[in-house]
């Protein structure tokens with residue numbers, strides 16, 4: 001019988017094995033399929049990530065997406081992301097940010113993505129917004145208020161719109177940090193329906 005590390009490296013190259021090990025510490029479940037050709041999948045509640053998606057976020061980019069810092073402010077949290085955009089890393093990092101906010105009892109979060117580069121497809125943005133709506137709401141007594149800062153093509157607001165349409169309506173996207181802070185601190189967060 002092969003050692004587990006040998007088996008892991010035959011199924012997926014070594015760099016991804018280390019990344020998969022880190023992802024399982026964040027609540028992921030690894031599924032192996034050994035029918036005609038071995039395949040590996042990473043599962044989070046409601047979403048599977050293929051090894052190609054994992055490779056894209058861990059090995060395909062010279063500068064993988066990462067959480068640079070989390071800062072506690074008055075009554076909100078600021079999280080700074082940087083690197084090459086990928087759906088699997090975005091999900092993992094946003095979940096980590098949500099966990100930090102709920103642990104501190106905060107329901108306002110600013111996610112600064114101004115140093116994130118790359119682009120997701122419309123379908124990936126839809127999936128990310130859907131996942132955020134389903135998972136971010138857990139752990140908060142009310143609806144969280146989240147401001148995303150970034151510019152196209154990395155951040156275009158579609159994911160926040162999808163999340164809002166699914167009951168996570170306190171999510172907005174801004175191209176400038178001061179506007180996001182103003183909205184986070186001072187707006188009531190209720191949608192403006194006067195022009196509907």
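Values in this text are rule-based calculations from the coordinates and carry no lab data. The model shown is predicted, which means the values in this text are computed figures rather than measured ones.
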Task: Three-way shape call for region 58-147 based on the alpha-carbon gyration tensor, with the a/c threshold at 1.5 - done: oblate
TODO: Kindly give the semi-axes, whole Å and largest first, of the ellipsoid equivalent to region 95-186, taking each as the square root of 5 times a Cα gyration tensor eigenvalue.
DONE: 19, 16, 11
